[in-house]
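Quick note: the coordinates plus some simple rules give every number you see, no bench work behind them. The shown structure was predicted, so the numbers you read here are calculated from the model rather than taken from an experiment. Neighbour counts are summed over all protein chains in view; Cβ atoms, including those assigned to glycine, are modelled from backbone coordinates with ideal geometry.
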Amino acid sequence: MIDTLCIFEDPQYRHLLPLTYTRPVYDLRCGILTLREKIQKKYPGVPVQLHTRGSLAELVRQQNPGTSVNQIGGRGCLFLNGRLLAGADLATTIPLNGPDAVYVTGETVVAARVSGPEVLRKSLPDAISLSTFGTLPKVETSASLIGYPWDLLNANEPELHSDYSLLSPASPERMKGVLSQGAHLINPGSIVIGQGTKVKPGVVLDADNGPIYIGANATIFPNAVIEGPAFIGDRTLIKIGAKIYENTSIGEMCKVGGEVEASIIHSYSNKQHDGFLGHAYLGMWVNLGADTNNSDLKNNYSTVKVVIDGETVDSGSMFMGLIMGDHSKSSVNSMFNTGTVVGVSSNVFGSGFPPKDVPSFSWGGADALTTYEIGKAIDVARRVMARRKKELTGVEEQMLRAVFELTRKDRRAAGMTE
């Protein structure tokens with residue numbers, strides 16, 4: 001009998017760097033929910049255990065008290081790949097109970113149903129693969145797996161629709177916030193406004209082309225426009241005159257202004273001022289200086305190539321903007337070319353376009369890059385988090401130090417001085 005789920009990481013987490021240096025793959029957001037939250041909602045009431053790389057294990061334990069991490073218990077377990085974009089039929093396609101089997105797409109493990117001691121009593125590797133499940137019979141299945149950051153962006157529109165359908169309350173409960181006189185709601189039946197949220201005069205919420213979900217205690221300042229489908233998280237501030245276009249997800253506790261289109265801002269990040277952000281994915285604790293802009297379309301309209309984990313990959317997308325890891329920042333008037341990747345805890349400044357591959361813990365821009373000393377980076381992270389009443393814990397500091405060491409080879413390859 002299967003009595004627990006284990007959401008796991010596989011070797012392809014590296015294709016989602018730098019976003020996955022600081023979190024497991026299943027904690028990435030797409031639509032309103034994270035990948036993990038989508039999976040859990042397909043198997044309601046089933047206890048969840050988590051698997052992650054050793055470098056993130058203590059962080060995941062800290063963030064999930066009471067949840068078993070990297071220790072599988074129970075009489076039987078359904079393993080589910082954390083890169084799964086869980087559709088409505090997941091629990092039907094991969095039911096909780098049935099004979100032991102490993103579900104695959106080619107050589108990629110999508111899920112595995114395991115009972116008894118074969119896997120449950122052995123140590124799990126940092127990244128789970130087909131060999132982890134020994135001789136279990138294989139079942140070929142179709143599944144939507146996130147492979148690269150642009151997959152999250154490309155899936156954001158349908159996921160905003162499906163998550164909204166999953167989460168939206170009955171009609172009388174849709175409008176719990178305070179709507180000022182002069183705020184305009186277009187197609188209000190497709191809009192949710194959470195408890196304590198304030199929508200100021202002159203705001204336009206246009207849900208004609210897709211739903212808008214605004215969480216609790218957010219503030220939408222005067223004359224801001226939000227085009228659906230879109231998500232605004234709890235306690236987030238949308239600044240005066242902001243233009244939030246369709247297919248945008250902004251997580252909790254962000255401050256966002258200017259023009260944003262088809263982008264995901266994970267949480268606790270700032271893009272307060274004018275400037276364009278399009279087809280971009282920002283991690284946590286990011287700050288973009290005033291008039292920061294990214295290009296998301298090449299002048300020759302060809303697909304955008306992106307450097308991921310040292311490899312140049314054709315995204316297959318005509319639109320692809322900025323990918324920026326946690327704790328990174330740009331100065332005023334910064335410019336980023338199509339498909340630029342900025343690692344963790346980098347500080348980008350200066351005129352011109354910086355390289356399209358900026359390693360983690362970089363300091364500089366187009367003219368030169370040097371290493372951002374780890375002690376200084378941690379001091380800044382501590383100050384930034386304190387402004388949001390958050391403490392940089394010892395576990396988080398050790399995680400940043402581990403990322404610094406893991407990415408040392410990238411800085412050396414870029415010719416950066418230590």
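List of remarks:
- Each listed q (0.11, 0.15, 0.19, 0.22 Å⁻¹) maps to a log10 I(q)/I(0) for the range 4-147 from the Debye sum over equal C-alpha point scatterers, namely -0.35, -0.69, -1.18, -1.70.
- FRET efficiency, 1/(1 + (r/R0)^6) with R0 45 Å, evaluated for Arg388 and Gln71 via beta carbons: 0.90
- D by Stokes-Einstein for the range 293-418, Kirkwood Rh over Cα pairs, 4 °C, 1.567 mPa s: 85 µm²/s.
- Stretchable slack from Val307 to Ser142, in nm (0.36 nm times residue separation minus alpha-carbon distance): 56.6 nm
- For the chain, a crude dipole built from +1 on the beta carbon of Lys and Arg and -1 on the beta carbon of Asp and Glu, taken about the Cα centre, is about 980 debye to the nearest 20.
- Kirkwood hydrodynamic radius computed over the range 148-268 comes to 13.8 Å, based on all pairs of distinct alpha carbons.
- Taking each DSSP H run with n ≥ 4 as -39500 (n - 2.57) and averaging over every residue of the chain yields -5000 deg cm²/dmol at 222 nm.
- Here's the list of lysines a cross-link from Lys356 could span, going by alpha-carbon distance under 18 Å and ignoring same-chain residues fewer than 8 apart: Lys298, Lys305, Lys329, Lys409.
- For the chain, modelled as a GNM whose springs connect Cα atoms under 10 angstrom apart, the maximal fluctuation among Val46, Val204, Val344 occurs at Val46.
- Remark: the Cα gyration tensor places the range 261-304 in the oblate category, a/c being 1.5 or greater and a/b not exceeding b/c.
- Put simply, the amide H of Gln49, placed in the peptide plane, has neighbours under 5 Å in Leu5, Cys6, Ile7, leaving out anything fewer than 5 places away on its chain.
- Whichever aspartates and glutamates have a C-alpha closer than 13 Å to that of Lys138, once near sequence neighbours (fewer than 8 apart) are set aside: Asp100, Glu107
- Sequentially through the range 97-106, phi angles give Karplus couplings (6.51, -1.76, 1.60; θ = phi - 60°) of 10, x, x, 4, 6, 10, 8, 9, 10, x Hz, Gly and Pro residues having no value and appearing as x.
- Nitroxide proxy distance, nm - points 7 Å out along Cα→Cβ at Arg14 and Gln398: 2.5
- The orientation-averaged projected area of the convex hull spanned by the Cα atoms of the range 58-98 comes to 4.1 nm².
- Inter-centroid distance (Cα atoms) of the range 250-294 relative to the range 142-185, Å: 18
- Using C-alpha pairs under 8 Å with a sequence gap of at least 6, the mean separation divided by the residue count of the chain gives a relative contact order of 10 percent.
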